[in-house]
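A.B. asks: Below is a structure I'd like to ask you about.
The values are calculated or read from the model by the stated rules, or taken from the named source; none is laboratory data. Computed from a predicted model, the values in this text were never measured in an experiment. Quick reminder, even Gly has a Cβ in these numbers, built from the backbone with ideal geometry, and neighbours come from all protein chains shown. Note: areas computed on protein heavy atoms with side chains; ligands, DNA, RNA excluded. Shrake-Rupley method; radii C 1.70, N 1.55, O 1.52, S 1.80 Å.
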Amino acid sequence: MTALIELAELTKRFGPITALDRVTATVDGKIIGLLGPNGAGKSTLLKCLLGLMPYQGHARVLGLEAATEGAQIRDRVGYMPEQEAFLSGMSAVELCTYAGELSGLPRTEAMQRAHAALYYAGVEEKRYQAIDGYSTGMKQRVKLAQALVHDPEILFLDEPTNGLDPPSREDMLHLIAELPARRGCAIVLSTHLLPDVDRVCDHAVIMHRGAVRFAGTIDELRGARGGNSELSVGVKADAARLAQALAIAGATCRVTSPIALEVDLPARATTQLVFEAARDAGLQVREIGVRRESMETAFLRVIGEAGGTRELAAPRLTADAAGADAAGAPATALLRDGGVR
Amino acid sequence: MTAGQTTTGPTSAGPQSPGPRTTGQIHDLGYKRYVGSRRSVGTRWRVIMRHQIATAWIGWWRFKLWLIAAALATAITGGILYFLRNNLLRMIGGVQGAVLTLADGLLPLSTLWYCKIGFLVSLTISATAVAGDVQSGAFTFYFARSVRPYDYVVGKLAGIGALLAMIMLAGPVVLAGVRLGLSDDLAQLITLLPVLYKELAIGLLGTLIYTAVPLGFSALVTNRRHALAVWAAYYLVIGLLAVGLGRLVSPAIAALDLPSSLHAISRHLFDTRLTGRDADPPTSAALISILGHAAVAIGLVAWRVRNAQQTGVGGSS
Amino acid sequence: MTLALSPSLPPAVSPAVATAVVVADRCSKWYGQVLGVSDVSWRLSGGIVGLLGPNGAGKSTLIKMMGGLLLPSRGVLTVHGRSPFHDTEVRRRIGYAPEHEHTWDELTALELVTAMARLAGVAAARAGRAAEDALAQMGMTAAMHRRIRGFSKGMRQRTKLATAIAHDPDFLLLDEPLTGVDPMARIDIVERIKQLGAAGKTVVVSSHVLYEIEALTSDILVIYRGQVLAEGNVFAIRSLIDRHPHRIRVECDRPHAIAAALAGEDHVVRISFERGAVVVETREPDTCYDQIAGAVLAAGVAVTALSSPDNNLGAVFEYLTGDGGRR
């Protein structure tokens, strides 16, 4: 079974600058988060995958080589851009129909699917009005619809919640989360908002300075390394006493705040131990969960920066920044999931 | 994905007799994947062309008004041709300088007013076409799909060309038909037949001028209003200067004024010369000017579009 | 921090009023027929405040009035006791970083911030130094001599922030300061804003991304349909919304066992099931937690996770504004 995206020694140079450096990775999953600082090479990667620029090496989408079969790929892939991408003076229905026709659908088919896509995206009532008069939220929805019209197998979404207020963000994330089940397409979500990725994605690809630093599941990224025995526990009050009680029972504890502690259970113990210790000490447990890295910590760890206050380096278009690091940390060495599927 | 399924209720036992229904159905309006074929990439330009025409057809002021104006002009000219065909026109015809009848002289003259209407249409349709797309982000829309720069350029040219042809080509051809219809007998008709292809040639060149050249400006200047202004300024101001310089310095410079060039070619084809318009450029200069303008303009469009294909998609990070 | 859930004035006029940074008193702004804000009364004493609200609710209007760009149609809005629209002195104490990004791309960051500092009243001799310091404070020392045209989104946001602090104001208005910023820069800029707050400046931050606000502060102001809907500490507000009982989620191997133990209790409003979990809505969270623990021990249920999904800003916001208009 072909993976969604296969990259093999993918390299792209703009003169002295290396935007993508011998990238090798296999990307698969239902909803994949594409993360990375500005200048990491995400947009260059996308352009290569869509066959919009030449490159060295191999980039295969759905089994098709992007450099030679780019048009076919674009027929089977949908793209929701970050910026505005409309033609003025058209209504949502007209735009989506046009979009469908431009992807090779016959006219009636395109019209039917345009309506279906707009229904899904939640633009029902206003779909016959000109897009120029839409609110930001509705424009984002139309952007999603026009990417869906031609029944794509993969959908690339670029910052889909940009400019949306909290209720609309919720709606959009919900729509995105349901797409694989409702439309049978996989999603690559490019965003800077780590909590969104945590919420919606099952896989992640992290890029930095032209290299893929991580490609795998979110669980692998955040680690539930210790299995179910490493817990974080929250109590109503008096975490220290609970720590003492648990220590007597054989667990290792670390108090992080007056109402929170980290607990490492002994072998073959379950969360029952925590409840028992709390009951015996007369304390109330309010939170239990498997201890995982926060998305931010995991992200920073993968990127390899120490965090804290730090001046950001200049963006990608300086030769020294891209050249030195990209050569020093080849993509394959840090890759978690290279080519094994 | 599941194809449509239906859920049927319990069927009634016993003999089927006509009466109220006792069963029901719920249709699954679930999503059906598209399993048909996709049109080949080579047909995209037709979609773009149709879209361009459809957009121009909306409202009155974009195109329909000018089409009516052109039709009226054609009708009036045809009428004059018919009724006044034997009147003499102060036009010098041929090598010997014989004076022409209206019937023979009005056709080359008509390019003057078709050019005016063509210019107006170029303002409302051609000059904003590419700039509008750049401004609204349409290139991202186009090139994220299986549309090549070639398809876009050809589609735009074909669409706008088709619209302008309705004015710049259809009008003169109709007039040529009227002229042919005025011939006294079959023999004269056959000798007059070249009039048709002459008007065809003039019409095609006129269409090319008002399609391609403003499109080039539209590609050069990325703001719709500015593109419009620059095209109008070039056409009117540079045109005026060119004609003036043509009178003073050398007639070849007047070729920069596109309507003058078209008129020069039309005169050449009909072998006429309007008294008082000695400053028209020589034919070779006119032809080079028209074709040169068009080539540069199409080159600009191709450059802008190729540029946009690479940068438009993918965002800034 | 005052707690109020209605647009009326707070009951007592305390000494805090005299030192309040912003005082809005029955303030309204109309653009012809379009409503900006309607009858807003609010006091801001200091610290970092998160300004939330749906699009079109009136956040930008409020920020612009505080920044002296708009005059209220009715009512009064004062900063440090003076009207920012009229009083240039008090405007010098205000730093405004707008949402939009239109700027002069051909300038370098330093040139831009210096120019804006001079416009804000810093003396010409000192403006250059002030700009450098501001840019350094925002982490832009390395890039300050480069043209803005080549900047990434994160660098532009930092430059904007530097512009807002260059003239050393004590009141900052930041409208969506983190849009488009990558995760690393986000952490950094949040840290720097917190430092500004710790240095004693009053900061109002408006954002749609609620976890950004959460990272900065727990003091919020919610604007809805042009009015102040809620203000104060977010957890205190949460506990006031008794229309929405507390939700507790138990992920375990036998959710129905937990449900059975709780179904007979009066304080339980609703029990619903998800795959592998049970969600209990209760009016008395304290009692409920104890009873859950009892059920877990009595029935030997293996609990994977226990959490309260709605004790955060997103849930508070949704409860406050998500009722679709039944108000």
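A.B. asks: Are any residues in region A:194-218 outside any strand (DSSP E or B), away from every other protein chain (no Cβ under 14 Å) and surrounded by fewer than 18 Cβ atoms within 10 Å (Cβ to Cβ), and if so, which ones?
C.D. replies: A:Asp202
A.B. asks: May I ask you to list pairs of residues, at least six apart or on different chains, whose Cβ atoms are under 8 Å apart, with the first in region B:58-75 being at positive phi and the second being assigned to a helix (DSSP H, G or I) and open to solvent by less than 30 Å² (accessible area, probe 1.4 Å)?
C.D. replies: Filtered contacts from region B:58-75: no entries.
A.B. asks: Moving on to the next point. Any residue at all in region A:35-57 that's free of Cβ contacts under 8 Å to residues at least 24 places away in the same chain, within 14 Å of B:Gln310 (Cβ to Cβ), charged (D, E, K, R) and crowded, with 22+ Cβ neighbours inside 10 Å?
C.D. replies: Looking for residues that are free of Cβ contacts under 8 Å to residues at least 24 places away in the same chain, within 14 Å of B:Gln310 (Cβ to Cβ), charged (D, E, K, R) and crowded, with 22+ Cβ neighbours inside 10 Å, one finds at least one in region A:35-57, hence yes.
A.B. asks: Taking only region A:151-174 into account, find how many residues are surrounded by fewer than 21 Cβ atoms within 10 Å (Cβ to Cβ) and either outside any helix (DSSP H, G or I) or within 14 Å of chain B (Cβ to nearest Cβ) (or both). It would help to see each step written out before you state the result.
C.D. replies: In the first step, residues of region A:151-174 are kept if they are surrounded by fewer than 21 Cβ atoms within 10 Å (Cβ to Cβ); the result is A:153-154, A:162-163, A:167, A:170-171, A:173-174.
Adding the requirement that they be either outside any helix (DSSP H, G or I) or within 14 Å of chain B (Cβ to nearest Cβ) (or both) leaves A:153-154, A:162-163.
Of the residues in that region, 4 qualify.
A.B. asks: Within 14 Å of chain A (Cβ to nearest Cβ), crowded, with 24+ Cβ neighbours inside 10 Å and either of a type outside the set (Phe, Trp, Tyr) or assigned to a helix (DSSP H, G or I) (or both): does that describe B:Ser126?
C.D. replies: On the way: within 14 Å of chain A (Cβ to nearest Cβ): no; crowded, with 24+ Cβ neighbours inside 10 Å: yes; either of a type outside the set (Phe, Trp, Tyr) or assigned to a helix (DSSP H, G or I) (or both): yes.
Criteria not met by B:Ser126.
A.B. asks: I would also like to ask the following. Taking region C:46-96 only, how many residues are assigned to a loop (DSSP other than H, G, I, E, B) and more than 28 Å from A:Thr161 (Cα to Cα)?
C.D. replies: So in region C:46-96, the residues assigned to a loop (DSSP other than H, G, I, E, B) come out as C:46-47, C:53-58, C:67-73, C:80-81, C:83-87, C:92-93.
With more than 28 Å from A:Thr161 (Cα to Cα) added as a condition, the list becomes C:46-47, C:68-73, C:80-81, C:83-87, C:92-93.
Total meeting the criteria: 17.
A.B. asks: Moving to a separate point now. Scan region A:177-193 residue by residue and report those that are in a strand (DSSP E or B) and at the interface with chain B (Cβ under 10 Å from one of its Cβ atoms). Full working, then the answer.
C.D. replies: First pass over region A:177-193, keeping only residues in a strand (DSSP E or B): A:186-190.
Across region A:177-193, the qualifying residue is only A:Ser190.
A.B. asks: Something else about it: Go through (1) modelled with pLDDT under 90; (2) crowded, with 17+ Cβ neighbours inside 10 Å; (3) not in a loop (DSSP other than H, G, I, E, B) for C:Tyr319 and report which single condition fails.
C.D. replies: With respect to (1) modelled with pLDDT under 90; (2) crowded, with 17+ Cβ neighbours inside 10 Å; (3) not in a loop (DSSP other than H, G, I, E, B), C:Tyr319 is out only on (2).
A.B. asks: Would you check if there is a residue in region B:157-169 being more than 14 Å from every other protein chain (Cβ to nearest Cβ), β-branched (Val, Ile, Thr) and free of Cβ contacts under 8 Å to residues at least 60 places away in the same chain?
C.D. replies: Within region B:157-169, the subset more than 14 Å from every other protein chain (Cβ to nearest Cβ) is B:157-158, B:160-169.
In the following step, the residues that additionally are β-branched (Val, Ile, Thr) were identified as B:160, B:167.
Retained after the next criterion (residues that are free of Cβ contacts under 8 Å to residues at least 60 places away in the same chain): none.
Looking for residues that are more than 14 Å from every other protein chain (Cβ to nearest Cβ), β-branched (Val, Ile, Thr) and free of Cβ contacts under 8 Å to residues at least 60 places away in the same chain, one finds none in region B:157-169, hence no.
Rundown of residues vs (1) part of a strand (DSSP E or B); (2) more than 12 Å from chain A (Cβ to nearest Cβ); (3) at positive phi, yes/no style:
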position	(1), (2), (3)
C:Met184	no, no, no
C:Asp188	no, no, no
C:Tyr211	no, no, no
C:Ala215	no, no, no
C:Ala230	yes, yes, no
C:Ala236	no, yes, no
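A.B. asks: Testing A:Phe86 on (1) more than 7 Å from chain B (Cβ to nearest Cβ); (2) more than 16 Å from the chain's Cα centre (by Cα), one condition comes back false. Which one is that?
C.D. replies: Of the numbered conditions (1) more than 7 Å from chain B (Cβ to nearest Cβ); (2) more than 16 Å from the chain's Cα centre (by Cα), the odd one out for A:Phe86 is (1).
A.B. asks: Just to confirm my filter: which strands (runs of 3 or more DSSP E) fall fully inside region C:240-315 and include at least 2 residues that are in contact (Cβ under 8 Å) with a residue 40 or more places away in the chain? First the steps, then the outcome.
C.D. replies: Details: elements: C:246-252, C:268-274, C:277-282, C:303-307.
Fully inside region C:240-315 and qualifying: C:246-252, C:303-307.
A.B. asks: Moving to a separate point now. Does at least one position in region A:222-235 carry a residue that is crowded, with 23+ Cβ neighbours inside 10 Å, at pLDDT below 90 and away from chain C (no Cβ under 12 Å)?
C.D. replies: no
A.B. asks: Taking only region C:133-161 into account, find how many residues are surrounded by fewer than 19 Cβ atoms within 10 Å (Cβ to Cβ), farther than 17 Å from C:Leu174 by Cα and within 14 Å of another protein chain (Cβ to nearest Cβ). Full working, then the answer.
C.D. replies: Pass one, region C:133-161, residues surrounded by fewer than 19 Cβ atoms within 10 Å (Cβ to Cβ): C:133, C:136-137, C:141-142, C:145-147, C:149-150, C:156.
Filter again for farther than 17 Å from C:Leu174 by Cα, leaving C:133, C:136, C:141-142, C:145-147, C:149-150.
Then drop every residue that is not within 14 Å of another protein chain (Cβ to nearest Cβ), which leaves C:136, C:141-142, C:145-147, C:149-150.
The total comes to 8.
A.B. asks: Here's a follow-up. Do we have any residue at all in region A:63-72 that's in a helix (DSSP H, G or I), under 17 Å from B:Arg38 (Cα atoms), out of contact with any strand residue (DSSP E or B) (no Cβ under 7 Å at 6 or more places or on another chain) and at the interface with chain B (Cβ under 9 Å from one of its Cβ atoms)? Working first, answer last.
C.D. replies: Looking only at region A:63-72, we keep the residues that are in a helix (DSSP H, G or I), and these are A:70-72.
From the residues that got through so far, the ones that are under 17 Å from B:Arg38 (Cα atoms) too are A:70-72.
Okay, now just the ones that are also out of contact with any strand residue (DSSP E or B) (no Cβ under 7 Å at 6 or more places or on another chain), so A:70-71.
Then drop every residue that is not at the interface with chain B (Cβ under 9 Å from one of its Cβ atoms), which leaves A:70-71.
Checked region A:63-72: at least one residue is in a helix (DSSP H, G or I), under 17 Å from B:Arg38 (Cα atoms), out of contact with any strand residue (DSSP E or B) (no Cβ under 7 Å at 6 or more places or on another chain) and at the interface with chain B (Cβ under 9 Å from one of its Cβ atoms).
A.B. asks: Those residues that are of a type outside the set (Lys, Arg), surrounded by fewer than 16 Cβ atoms within 10 Å (Cβ to Cβ) and within 19 Å of C:Thr202 (Cβ to Cβ), I need them from region C:77-87; list them, please.
C.D. replies: Pass one, region C:77-87, residues of a type outside the set (Lys, Arg): C:77-81, C:83-87.
From what is left, the residues that are surrounded by fewer than 16 Cβ atoms within 10 Å (Cβ to Cβ) are C:81, C:86.
Correct list: C:Gly81 only.
A.B. asks: Now, a different point. How many residues, within region C:292-316, are buried (at least 19 other Cβ atoms within 10 Å of the Cβ) and over 26 Å from A:Pro195 (Cβ atoms)?
C.D. replies: Counting residues in region C:292-316 that are buried (at least 19 other Cβ atoms within 10 Å of the Cβ) and over 26 Å from A:Pro195 (Cβ atoms) gives 5.
A.B. asks: Among the residues of region B:141-166, which ones are open to solvent by 10 Å² or more (accessible area, probe 1.4 Å) and β-branched (Val, Ile, Thr)?
C.D. replies: Across region B:141-166, the qualifying residues are B:Val153, B:Val154.
A.B. asks: Shifting gears a bit: What is the one condition in (1) touching a residue at least 60 places away in the same chain (Cβ under 8 Å); (2) among the acidic types (Asp, Glu); (3) assigned to a helix (DSSP H, G or I) that C:Glu99 does not satisfy?
C.D. replies: Among (1) touching a residue at least 60 places away in the same chain (Cβ under 8 Å); (2) among the acidic types (Asp, Glu); (3) assigned to a helix (DSSP H, G or I), C:Glu99 violates only (3).
A.B. asks: Let me ask you something else. Which number in (1) charged (D, E, K, R); (2) free of Cβ contacts under 8 Å to residues at least 40 places away in the same chain; (3) surrounded by fewer than 19 Cβ atoms within 10 Å (Cβ to Cβ) marks the one condition that A:Glu84 misses?
C.D. replies: Unmet condition: (2).
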